[in-house]
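The values are calculated or read from the model by the stated rules, or taken from the named source; none is laboratory data. A quick note: this is a predicted structure, and the numbers were derived from the prediction, not measured. All Cβ positions, glycine included, derive from the backbone under ideal geometry; neighbour counts span all protein chains shown. Ligands, DNA and RNA are stripped out before the accessible areas are found, and what is left, the full protein with its side chains, is counted by its heavy atoms. Shrake-Rupley method; radii C 1.70, N 1.55, O 1.52, S 1.80 Å.
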Amino acid sequence: MEEENEALELREDMEHAVEHSQGWRRYLALSTAIIAVCAAIASMLSGQYANEAILEKNNAILNTSKSSDIWNLYQSKGLKKNLDDAFFRQYGDTALAKEASRYRREQDSIAIVARNFESKTEEADKNSELLMEHHHGLAISVTLFQIAIALSAISALLSQKIVWYCSLGIAVAGSILLLS
């Protein structure tokens with residue numbers, strides 16, 4: 001009977017020791033799942049920033065094209081103005097002077113519109129660059145989360161807590177990039 005009690009106590013002690021030694025693996029599994037969720041969020045945000053950056057770059061290209069078209073119109077009006085000025089000086093027809101003056105006024109308003117499109121181009125380019133910076137930071141965050149997940153798997157396979165701690169440290173670095 002005494003031997004049975006000792007054996008029972010020994011068994012309970014061993015089960016408790018096994019539970020206690022394996023308890024950190026529960027936290028390992030939970031932390032790995034959380035890291036995977038963070039990686040998914042960072043990946044989604046990274047893609048969103050990349051798409052928005054591309055859209056802004058397309059807007060910049062569109063505004064550049066519009067600006068170029070408007071500057072071509074500006075030059076066209078300038079040619080007409082110069083021709084009318086030249087014919088006015090040659091023939092003295094005041095109607096030609098009025099036309100030249102009208103073209104000059106049109107050129108002034110056209111230049112304002114062209115400069116407006118140029119400023120929209122610059123703004124869209126700056127927005128695109130900022131969005132790409134966010135994308136790059138999040139892409140690095142995703143990479144760090146993936147490394148952390150891999151280290152968690154290695155930790156589970158080798159039953160090494162130190163590898164898990166490294167995984168957690170790398171996940172913290174990824175989280176900092178995610179939140180910044």
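Residues that are under 30 Å from residue 48 (Cα atoms), out of contact with any Ser or Thr (no Cβ under 9 Å at 6 or more places or on another chain) and polar (S, T, N, Q) occur at least once in the range 99-120. Selection of the range 55-79 for residues being closer than 25 Å to residue 97 by Cβ and among the aliphatic types (A, V, I, L, M) yields 73, 79.
Where residues in the range 112-139 are in contact with a helix residue (DSSP H, G or I) (Cβ under 6 Å, 6 or more places away or on another chain) and either more than 20 Å from residue 61 (Cβ to Cβ) or not in a helix (DSSP H, G or I) (or both), which of them is most open to solvent (accessible area, probe 1.4 Å)? I'd like the intermediate steps shown before the answer.
Step one: of the range 112-139, the residues in contact with a helix residue (DSSP H, G or I) (Cβ under 6 Å, 6 or more places away or on another chain) are 113-114, 117-118, 120-121, 124-125, 127-128, 131-132, 134-135, 137-139.
Checking the rest, the ones that are also either more than 20 Å from residue 61 (Cβ to Cβ) or not in a helix (DSSP H, G or I) (or both) come to 134, 137-139.
Values: 134: 87, 137: 20, 138: 10, 139: 36 Å².
Of everything passing the filter in the range 112-139, 134 is most open to solvent (accessible area, probe 1.4 Å).
Report yes if residue 161 is surrounded by 12 or more Cβ atoms within 10 Å (Cβ to Cβ) and without any contact (Cβ under 8 Å) to a residue 40 or more places away in the chain, otherwise no. Spelling it out, it is not the case that residue 161 is surrounded by 12 or more Cβ atoms within 10 Å (Cβ to Cβ) and without any contact (Cβ under 8 Å) to a residue 40 or more places away in the chain.
Could you say whether any residue in the range 21-31 is buried (at least 16 other Cβ atoms within 10 Å of the Cβ) and basic (Lys, Arg)? The answer is no, given that none of the residues of the range 21-31 is buried (at least 16 other Cβ atoms within 10 Å of the Cβ) and basic (Lys, Arg).
Figure legend. Inter-residue proximity from the range 63-90: first residues farther than 17 Å from residue 111 by Cβ, second residues open to solvent by 80 Å² or more (accessible area, probe 1.4 Å) and in a helix (DSSP H, G or I), beta-carbon distance below 8 Å, spacing 6+ or different chains. Indicated pairs: 88/94. Candidates in the range 164-175 are the residues that are hydrophobic (A, V, I, L, M, F, W, C) and in contact (Cβ under 8 Å) with a residue 12 or more places away in the chain; of these, the one that is least open to solvent (accessible area, probe 1.4 Å) is 171.
For every residue, the table says whether it meets (1) over 28 Å from residue 154 (Cα atoms); (2) of a type in the set (A, V, I, L, M); (3) modelled with pLDDT of 95 or more.
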position: 7; (1), (2), (3): yes, yes, no
position: 10; (1), (2), (3): yes, yes, no
position: 15; (1), (2), (3): no, no, no
position: 31; (1), (2), (3): no, no, yes
position: 39; (1), (2), (3): no, yes, yes
position: 42; (1), (2), (3): no, yes, yes
position: 46; (1), (2), (3): no, no, yes
position: 61; (1), (2), (3): yes, yes, yes
position: 70; (1), (2), (3): yes, yes, yes
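Looking only at the range 39-98, which residues are small (Gly, Ala, Ser) and outside any helix (DSSP H, G or I)? Residue satisfying the conditions is 92 alone.
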